[in-house]
């Protein structure tokens, strides 16, 4: 088989990292659209055919702010969703070039309806290369869904307090599920929180968490998850800080019971997160419950 023959070349893609046996074969001859090329990282084919599509999308083959951008929005959405930074960089640079020289701001829209999206808590982080393209001062993000992904990436992937502050100021809104992650039971891929905790010392992480919490109106989804992860990594200072933070949130929301401890909803969250991490040993769960209840109980008295 000739490797330079696009009609016969086959690309083998694994859609399930948990099993080396679950492999799907995708032939280039079955990929017909620019969207396909972007999704599967076939950037040479994308660059080969984008001019023809561009001429069909825009009058005189040139981007303008007054053009119908539905097709382009879909292409940009796919490039972002599948973390194809090379395709996204090309699109942003081409738009910037064609709207110049007096207009410099590039509007980027993102429609999650073009891609499969799960529960709200499954706000997916971007890869750092795509994030760096979109965080530029002359990029205007018009999609609240993409804003969520940008802020969550700034927190969990980049972990930079100054960038987090900049994005909250730029977007001027609050976001949910910034520290929440959902991983399939049995997954061996470390969570982004787990990786971030390994990368930061206690004070760096606590500072990042507190800045995010204050900018987000004193409420952070996923604090329980962070607490459990920190216990697994034997980071008692972070665990204690998370417990104190949850105690404050329990008090302010008036859901603390008469015993000043955890209510069933909060205990269920710990059971759920711990099970997801394959730490379902009863003794370990009881230890987590007792430790959290003890710390929060003291805080709330």
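What follows is calculated from the coordinates using simple rules that are stated; it is not laboratory data. Please read all numbers here as calculations on a predicted model, not as lab measurements. Counting neighbours? That spans all protein chains shown, and the Cβs are built from the backbone with ideal geometry, glycine included.
Taking 0.36 nm per residue of separation and subtracting the Cα-Cα distance, full extension of the segment from residue 102 to residue 138 would add 11.7 nm. Available extension along the chain between residue 218 and residue 199 is 4.4 nm, counting 0.36 nm per residue and deducting the alpha carbon span. Estimated from the Cβ-Cβ distance and a Förster radius of 22 angstrom, the FRET efficiency linking residue 55 and residue 93 is about 0.80. Between residue 33 and residue 62, the simple spin-label model (points 7 angstrom out along Cα→Cβ) gives 2.9 nm. In this simple spin-label approximation, residue 173 and residue 111 carry label points 7 Å from Cα along the Cα→Cβ vector, and these lie 1.8 nm apart. Protection proxy ranking, highest mean first, for peptides 197-203, 221-227, 91-97: 221-227, 91-97, 197-203, where packing is the per-residue count of other beta-carbon atoms within 10 Å, averaged. For the pair residue 207 and residue 124 in one chain, pulling the backbone fully straight at 0.36 nm per residue adds 27.6 nm over the alpha carbon distance.
Simple spin-label estimate for residue 233 and residue 182 gives 2.4 nm between the two label positions (7 Å along the Cα-to-Cβ direction from each Cα).
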